[in-house]
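Here is the structure we will look at, set down as structure tokens.
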Amino acid sequence: MLKIAVDLDDTLSVVDRVERGGAYIARKGLPYKVIDPDAHVFLNVFDWNEEALAQFIAEGGVSAFIEAETRKGARETLTTWRALGHDVTVLTARGKDWFVNPVNVSRDWLEKRRLPYDAIVAECKEKGRYCAEQGISVLVDDSFEQCAGAQRHGVNAVILVGKNNVARAGEIAFGGSNWYQIADAVEHIAKVRMLEELAAEACPARTRTYADGWALNFDEWNACRGNHVRVKSAWLLPLEEKLRGCEGLYAEKNKPCRFRLTDCDRPLESALSARGYRLEKEAVCMELESIPTLFPNVRTRAVSYEEWLKVFRDITGERALPRSHALIKGNPVYVVLGEGSTPVAAGMGVVQGEYTGVFDLYVDADHRAKGYGGALLERVIFEGKKLGAEKAYLQADARNKGAISLCAKAGFKKVYDYRYRVR
């Protein structure tokens, strides 16, 4: 589940600065005029100075925030998030200078409008850093500056796009012009993070080190899956310092410094590309949202790990252990398929709660295009269902169009792309 921070003013609410400020100016007969009706802060809406704005707030202008309307879809979205088990923190920059007790004022506004939440934090000027310190994964805000600051710490920012930020909103990885689109973006982030974590535990490297939000994976075999850096959570250290540290550690082990990157890591990927990291491999993650009643091919059978490993090595020519199966977190299932008495295909799965992860589907080169791949896939999923899994996921090389097509025919749908970049 996610920890989500949500801005209040202009994100959960709709603050009409022009109407409120204009009515005050007209009532007082003041000379100020509108200069930017879409400005994010009151000071820039009219051609007034800080002293005049402070006077407006002192004479009741704060009601523009206290009486603001709720954005359509916000209540339903927050309700859904908390029902799913996500933790919601309302994170606002409101200070004592305007609101006296910003937490109480904010609580009154939220509860009057029946907006559910878990905590309120006020007077927060650097939201990205706060989120990183508190382990918050996602920040929803209408401020470009706050969203950009969050991205610098590896927090997934979702910007509420409006007239005040549309010119630069594309620089933020996720966004939407309404709360329904915000909900879709957060749902996607949650799904990507969850499947990436499942895959990391199903295919663990022999050595993993965690440093300031990053997981550094090392293995004696040289495949991408066993040797890479993966963003696990937000970070606090400057990016340049972190990259130098990672590059040094991989150099010490005589391994290339490689990063595994998803949609959630686009800002980091841009920085890596600028630093000279090239695209090494592209892949897709696909999900079967509901396992149907299956009728596994009778030629496939579940076997012990030892029998599976022998078949796997005979088919692929692999002599080294493909990964550390003893470190798998989950219940592995192993399947082989024979033509007569000769094994011709092997595959495995890892059952993790409601999911079966499908891995290492191999068919002997002389026996391909005979439907064996589909039979393997079906049997792995079937074995997972017997252990309680109701969903399945797999990862496929983007170049392997045949495998992707096979999985699509079985009902799998693409969730996201991921890539490896190496220096």
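The values are calculated or read from the model by the stated rules, or taken from the named source; none is laboratory data. Keep in mind that what you see is a predicted model, and the values were worked out from it rather than measured. Note that each Cβ is placed from the backbone with ideal geometry, even for glycine, and that neighbours are counted across all protein chains shown. Note: accessible area is taken over every heavy atom of the protein model, side chains too, but ligands, DNA and RNA are not part of it. Shrake-Rupley method; radii C 1.70, N 1.55, O 1.52, S 1.80 Å.
First select every other residue whose beta carbon is under 14 angstrom from the beta carbon of VAL34; then total the charges, Lys and Arg +1, Asp and Glu -1.
Details: positive: ARG17, ARG20, LYS33, LYS163; negative: ASP16, GLU19, ASP36, ASP38, ASP47.
In short, -1.
On a 0 to 90° scale, report how tilted helix 179-202 is relative to the longest principal axis of the chain, with both axes built from alpha carbons and the result rounded to the nearest 10.
Around 30 degrees separate the two axes.
Please report the accessible area of LYS253 (heavy atoms, 1.4 Å probe, ligands and nucleic acids excluded) in Å², nearest 10.
In the full protein context, LYS253 sits at about 110 Å².
Which of ALA408, ALA64, ALA274 moves the most in a Gaussian network model of the chain with Cα springs under 10 Å?
ALA274
Tell me, what is the 1.4 Å probe accessible area of THR262, in Å² to the nearest 10?
The value for THR262 is about 10 Å².
Please figure out what share of the DSSP beta bridges in the range 126-225 is antiparallel and state it in percent, rounded to the nearest 5.
Values: 5 of 12 bridges.
In the range 126-225, DSSP labels about 40 percent of beta bridges as antiparallel.
Sort HIS86, HIS188 from largest to smallest accessible area, using a 1.4 Å probe on the heavy atoms of the protein chains. Numbers along the way, then the final one.
Values: HIS86 20, HIS188 50 Å².
Sorted by accessible area, descending: HIS188, HIS86.
Under 12 Å from the 7 Å Cα→Cβ point of ASP314, by amide nitrogen: which residues of the range 332-365?
Counting only backbone N, you get 336-346, 364.
Mind listing which chymotrypsin sites (Phe, Trp or Tyr not before Pro) in the range 355-405 are in a DSSP loop and have 15 or fewer other Cβ atoms within 10 Å?
Numbers: sites: TYR355, PHE359, TYR362, TYR372, PHE382, TYR393; in loops: none.
Sparse-neighbourhood loop chymotrypsin sites (Phe, Trp or Tyr not before Pro): none present.
Compute the acute angle (0 to 90°) between the alpha-carbon long axis of helix 372-386 and the principal axis of greatest extent of the alpha-carbon atoms of the chain; round to the nearest 10°.
70
Summing Lys, Arg as +1 and Asp, Glu as -1, what charge do residues with Cβ under 14 Å from the Cβ of GLU123 carry, GLU123 excluded? Present the calculation step by step, with values, prior to reporting the outcome.
Numbers: positive: ARG94, LYS96, LYS125, LYS127, ARG129; negative: ASP7, ASP9, ASP97, GLU126.
Combined, the nearby Lys, Arg, Asp and Glu give +1.
Heavy atoms of the protein only, probe of 1.4 Å, neighbouring chains included. What is the accessible area of ARG423 in Å², nearest 10?
140
Counting helices only, and only those DSSP H runs with n ≥ 4, report the 222 nm mean residue ellipticity of the chain as the sum of -39,500 (n - 2.57) divided by its residues, in deg cm²/dmol to the nearest 500. Display every interim value, and only then the final one.
On the way: 14 runs with 149 residues, N = 423.
Taking each H run of at least 4 residues, the total per residue is -10500 deg cm²/dmol.
Given the options ALA365, ALA410, ALA119, state which has the largest fluctuation in a GNM of the chain using a 10 Å cut-off (strictly under) for Cα springs.
Sorting by GNM fluctuation, first place goes to ALA365.
Any idea how far apart ALA39 and GLU76 come out in nm if each label point goes 7 Å out from Cα toward Cβ?
3.5
Rank these by accessible area, largest first, 1.4 Å probe: LYS112, LYS127. Can you show the working numbers first?
Details: LYS112 160, LYS127 5 Å².
Ranked list, largest accessible area first: LYS112, LYS127.
DSSP beta bridges in the chain, what fraction antiparallel, as a percent rounded to 5? All intermediate terms of the calculation are to be shown ahead of the outcome.
Values: 52 of 75 bridges.
Once the DSSP bridges in the chain are tallied, antiparallel ones form about 70 percent.
How far, in degrees from 0 to 90, does helix 74-83 lean away from the longest principal axis of the Cα atoms of the chain, to the nearest 10?
With both axes taken from Cα atoms, the answer is about 40 degrees.
In terms of the Cα gyration tensor, with a ≥ b ≥ c the square roots of its eigenvalues, is the chain rounded because a/c is under 1.5, prolate because a/b exceeds b/c, or oblate? Intermediate values should be presented prior to the final figure.
Values: a/c = 3.05, a/b = 2.26, b/c = 1.35.
Taking the square roots of the gyration eigenvalues as a ≥ b ≥ c, the chain is prolate.
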